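The values are calculated or read from the model by the stated rules, or taken from the named source; none is laboratory data. What you see is a predicted model, and the numbers here were worked out from it, not measured in a lab. So basically every Cβ, Gly included, is an ideal-geometry build from the backbone, and we count neighbours across all protein chains shown. The accessibility values were calculated without ligands, DNA or RNA, using every heavy atom of the protein model including side chains. Shrake-Rupley method; radii C 1.70, N 1.55, O 1.52, S 1.80 Å.
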Amino acid sequence: MRRKLIAGNWKMNGLLADGVELARALSNLAAGEAPNCDLLVFPPATLLMTVGGVLSSGPIALGGQDCHGEAGGAHTGDIAADMLADLGCSHVIVGHSERRADHGESDSEVKAKGQAALAAGLTPIVCVGESLEEREAGRALTVVANQLRGSLPEGGSPVVAYEPVWAIGTGKSATPEDVAEVHAELRRVLGEMRGAAAAAETLLLYGGSVKPANAAELLGLEDVDGALVGGASLKADDFWGIARACP
Ligand code: PGA
């Protein structure tokens with residue numbers, strides 16, 4: 001039985017005081033009520049230590065937004081997976097479409113990052129998703145399947161997030177039918193890659209304009225095991241509203 005996971009990606013938002021305020025608000029909500037899911041936040045790297053301190057005694061886990069594909073060395077500005085683990089992170093996002101677009105990350109680089117995460121004892125959340133142009137050309141399933149084949153690390157228990165690029169930060173979520181179709185395809189490809197048992201255990205998250213108003217419908221789909229939430233994760237009540245929508 002896969003327990004749902006609701007993960008909040010804060011992206012490049014928040015100074016120290018904002019991070020503390022948001023983490024305290026989440027921590028207070030968690031003290032009052034246990035939603036039917038695991039909870040995870042990805043603050044910017046500058047806030048990991050502080051936010052980790054605020055969340056340390058509660059149920060909300062901590063993750064990094066990216067890591068390097070190598071274990072260490074001369075890579076100015078980058079962060080190694082074991083540095084994240086050292087700060088108490090359990091997860092790291094790899095291959096987010098914003099990283100793929102802003103930094104030209106290829107599938108093989110994303111795979112190396114996921115492999116580095118596993119080696120450091122972290123669970124990578126491997127993101128895949130088609131552009132609007134690819135969807136309109138009828139290629140969404142092929143694109144995400146190829147990204148998954150190229151980006152998924154070997155071994156461990158990675159999480160996969162389907163995030164259609166056109167739905168991220170646009171307020172325009174994919175329809176439940178589209179999400180169901182892509183998630184079924186991802187599970188089928190996972191079966192080819194890792195075998196049926198591993199595919200059945202793998203968490204498949206949906207991301208792209210998830211909010212309290214559409215969460216119940218998306219999280220109610222058979223192959224949707226949680227959500228990767230951007231904008232709505234910056235407001236404690238909205239993030240909580242999504243967590244509460246887990247069936
Ligand atoms: P969004 O972002 O919820 O703001 O669309 C999702 C994501 O990029 O993970």
In order through segment 71-77: 3J(HN,Hα) via Karplus (6.51 cos²θ - 1.76 cosθ + 1.60), integer Hz, x for Gly, Pro = 6, x, x, 7, 9, 4, x
Mind checking the full-extension length gain between Val20 and Ala184? Use 0.36 nm per residue of separation minus the Cα-Cα distance, one decimal, nm.
-> 55.2 nm
Say each of Thr175 and Ala216 gets a label point 7 Å from the Cα, pointing the same way as Cα to Cβ; how far apart are those two points in nm?
-> 2.1 nm
For Glu154, Glu136, the accessible-area ranking with a 1.4 Å probe, largest leading, is Glu136, Glu154
Segment 145-202 - Debye-derived log10 I(q)/I(0), Cα point model, q = 0.19 Å⁻¹ = -0.72
Relative contact order (%) - the chain, alpha-carbon pairs under 8 angstrom, separation at least six = 21 percent
What accessible area per residue comes out for the chain, rounded to a whole number of Å², with a 1.4 Å probe?
-> 44 Å²
Can you give the Kirkwood hydrodynamic radius of the chain from its Cα pairs, in Å with one decimal?
-> 17.8 Å
Segment 1-123, relative contact order in percent, only Cα pairs under 8 angstrom and at least six apart counted | 23 percent
Distance in nm between Glu70 and Arg2 label points, each 7 Å along Cα→Cβ, equals 3.5 nm
Residue by residue, what Karplus-based ³J(HN,Hα) values in Hz, rounded to whole numbers, does segment 181-190 have, using 6.51, -1.76 and 1.60 with θ = phi - 60° and x for Gly and Pro?
-> 5, 5, 5, 5, 5, 4, 5, 5, 5, 4
So who's got an amide H within less than 5 Å of the one on Asp38, skipping anything under 5 residues away but keeping other chains? H placed 1.01 Å off N, in plane.
-> Lys4, Leu5, Ile6
Jot down the radius of gyration and Dmax of segment 18-157, Cα atoms only, both in angstrom.
-> 16.5, 48
Sorted by chain and number, the residues with a modelled amide H under 5 Å from that of Thr170, at a separation of 5 or more or across chains, are Ser209
Suppose every K and R has +1 on its Cβ and every D and E has -1 on its Cβ; what is the size of the dipole of segment 193-247 about the Cα centre, in Debye to the nearest 20?
-> 160 debye
The ratio Rg/Rh over the Cα atoms of segment 1-91, Rh being the Kirkwood inverse mean 1/r radius, stands at 1.00
Dipole in debye (nearest 20) - segment 116-195, about Cα centre, beta carbon charges: Lys, Arg +1; Asp, Glu -1 | 240 debye
State the percentage of accessible surface on the chain attributable to carbon and sulfur atoms; use a 1.4 Å probe and exclude ligands, DNA and RNA.
-> 53 percent
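Rounded to the nearest 500, what is the 222 nm mean residue ellipticity of the chain from helices alone, with -39500 (n - 2.57) per DSSP H run of 4+ residues and division by all residues? Can you show the working numbers first?
On the way: 11 runs with 110 residues, N = 247.
Helix-only estimate at 222 nm: -13000 deg cm²/dmol.
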Kindly report, to the nearest 10 Å², the accessible surface of Cys89 as traced by a 1.4 Å probe over protein heavy atoms only.
-> 10 Å²
The set of residues whose placed amide H lies less than 5 Å from the amide H of Val126, leaving out same-chain residues fewer than 5 positions away, is Val94, Val159, Val160, Ala161
Dipole of the chain [Lys/Arg +1, Asp/Glu -1 at C-beta], most positive-end residue of Gly207, Ala23, His183 | Ala23
Tabulate in residue order the Karplus-calculated ³J(HN,Hα) for segment 80-92, using 6.51 cos²θ - 1.76 cosθ + 1.60 with θ = phi - 60°, rounded to whole Hz; enter x for Gly and Pro.
-> 7, 4, 6, 5, 5, 4, 4, 8, x, 6, 10, 9, 8
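Please tell me the relative contact order of segment 149-239 in percent, rounded to the nearest whole number, where contacts are Cα pairs under 8 Å and at least six residues apart. Present the calculation step by step, with values, prior to reporting the outcome.
Values: 130 pairs, mean separation 29.5, N = 91.
Relative CO of segment 149-239 lands at 32 percent.
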Cysteines of the chain lacking any other cysteine beta carbon under 4.7 Å?
-> Cys67, Cys89, Cys127
Using a 1.4 Å probe, how large is the accessible area of Asp38, given in Å² and rounded to the nearest 10?
-> 70 Å²
Taking only the alpha carbons of segment 40-114, what extent do you get along each of the three principal axes, in Å, biggest first?
-> 37, 25, 18
Considering segment 164-247, what Rg and Dmax in Å follow from its alpha-carbon atoms?
-> 13.2, 39
What does the accessible area of Ser157 come to, in Å² to the nearest 10, when a probe of 1.4 Å is used?
-> 90 Å²
